[in-house]
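The values are calculated or read from the model by the stated rules, or taken from the named source; none is laboratory data. Here the structure is a predicted model, which means the values were calculated and not measured. We place every Cβ from the backbone using ideal geometry, glycine too, and count neighbours over all the protein chains shown.
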Amino acid sequence: MSYLKTAILLAGLTGLFMGVGYLFGGASGAMIALVIAAATNLFAYWNADRMVLSMYSAHEVDRRTAPDLVQLVGDLAGRAGLPMPRVFLMDEPQPNAFATGRNPQNAAVAVTTGLVQSLNRDELAGVIAHELAHIRNHDTLLMTIAATIAGAISMVAQFGMFFGGNRDNNHGPGIIGSIAMMILAPFGAMLVQMAISRTREYAADDLGARICGQPMWLASALSKIENAAHDVANMEAERNPATAHMFIINPLSGHGVDNLFTTHPSTENRIAALRQLAVEMGVQGRTAAVSRGPWSRPSASRGPWG
């Protein structure tokens, strides 16, 4: 996404901060919220990626600790014309992945242990290429900052409960308003996710498929991840729903349709678009189960690490 869209979203989030501040503290509360929002924006720009990685207990790996994974990321980054990103593993059984970082020079790709255990090498290449596409499209700055600020908005709303619940408070919304704010805070986080245009997923699918050269690798991976995501809960994502839009497949339960209230397009629609792209590229007959990747190792149904 463009930096203009990033600025627009951040301005909207800042306005929401000020609105919550005004609700609980009047004009002075709005000014305090503005200062907090400015500080949060600045802090998030430099630290949001580290915060999200820490939230999911991701640990960095290298050519010594995860040689196959790091080599794969390096090969694909070269094909994408990107600097080598840092590579992280999350000890999480749900297969999923996300990219983060304020720019391509300070980017990271994080994958779960469930992902590397459940996908073969070609499918994993499709997923990593998708995440590299987000980096090349400059989506990651918006994704990480939005996740950080959305979480902060929820905390501010809940924190206001302790100071705005007094019905004699001239500025506070009273106990009813405070409870309503606490209930509506998760909805606000969802609105932030909706503000992140879902078209970025289609764009990353398209570019990622072109980076690895085989759209059906990613299509096969998406199908596997979608099925597993409904069966294997990601508890950290459930506790932090504002980060859901960062993952390649929505890690939350109950999001199977392509409508205005989801953070991702439907997987069926994404796979259909990838199949059409495969036809256009003339590789529609090659799937992750039978094709050989652009690297020396062939596919293996047991995964690239066994």
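Condition first: in a loop (DSSP other than H, G, I, E, B), of a type outside the set (Val, Ile, Thr) and either at pLDDT below 90 or over 23 Å from Gln94 (Cβ atoms) (or both). Can you find one or more residues in the stretch 183-201 that meet it? Within the stretch 183-201, one or more residues are in a loop (DSSP other than H, G, I, E, B), of a type outside the set (Val, Ile, Thr) and either at pLDDT below 90 or over 23 Å from Gln94 (Cβ atoms) (or both).
Considering Thr100, Thr144, which residue is crowded, with 24+ Cβ neighbours inside 10 Å, touching a strand residue (DSSP E or B) at 6+ places or on another chain (Cβ under 7 Å) and modelled with pLDDT of 70 or more?
Values: Thr144 fails: modelled with pLDDT of 70 or more.
After applying the criteria, what remains is Thr100.
Inside the stretch 103-122, residues that are closer than 21 Å to Leu141 by Cα and out of contact with any strand residue (DSSP E or B) (no Cβ under 7 Å at 6 or more places or on another chain) make up a count of 4. For Arg121, the conditions (1) in contact with a helix residue (DSSP H, G or I) (Cβ under 8 Å, 6 or more places away or on another chain); (2) free of Cβ contacts under 8 Å to residues at least 60 places away in the same chain; (3) charged (D, E, K, R) all hold with the exception of (2).
Please work out if Leu76 is within 23 Å of Lys224 (Cβ to Cβ) and either exposed (fewer than 12 other Cβ atoms within 10 Å of the Cβ) or touching a helix residue (DSSP H, G or I) at 6+ places or on another chain (Cβ under 6 Å) (or both). The answer is yes for Leu76. For Asn137, are the conditions met, namely being closer than 18 Å to Met246 by Cα and surrounded by fewer than 22 Cβ atoms within 10 Å (Cβ to Cβ)? Considered against the rule, which asks whether it is closer than 18 Å to Met246 by Cα and surrounded by fewer than 22 Cβ atoms within 10 Å (Cβ to Cβ), Asn137 comes out as yes.
Of all the numbered requirements in (1) under 29 Å from Asn234 (Cβ atoms); (2) in contact with a Gly (Cβ under 7 Å, 6 or more places away or on another chain); (3) not charged (D, E, K, R), Tyr56 misses one, and that requirement is (2). When the residues of the stretch 237-280 are filtered to those that are at pLDDT 80 or above, under 17 Å from the mean Cα position of the chain (by Cα) and hydrophobic (A, V, I, L, M, F, W, C), the one that is farthest from Leu141 (Cα to Cα) is Leu252.
Please determine whether any residue of the stretch 105-114 is crowded, with 24+ Cβ neighbours inside 10 Å, in contact with a Gly (Cβ under 8 Å, 6 or more places away or on another chain) and within 25 Å of Ala44 (Cα to Cα).
Within the stretch 105-114, the subset crowded, with 24+ Cβ neighbours inside 10 Å is 107, 109-112.
Checking which are in contact with a Gly (Cβ under 8 Å, 6 or more places away or on another chain) leaves us with 107.
Pick out the ones that are also within 25 Å of Ala44 (Cα to Cα) and you get 107.
There is at least one residue in the stretch 105-114 that is crowded, with 24+ Cβ neighbours inside 10 Å, in contact with a Gly (Cβ under 8 Å, 6 or more places away or on another chain) and within 25 Å of Ala44 (Cα to Cα).
So if I check each of Ser28, Ser57, which one is surrounded by fewer than 18 Cβ atoms within 10 Å (Cβ to Cβ) and under 29 Å from Ser253 (Cβ atoms)?
Details: Ser28 fails: under 29 Å from Ser253 (Cβ atoms).
The match here is Ser57.
Going by the structure shown, is Ser291 of a type in the set (Ser, Thr, Tyr) and modelled with pLDDT of 90 or more? In short, no.
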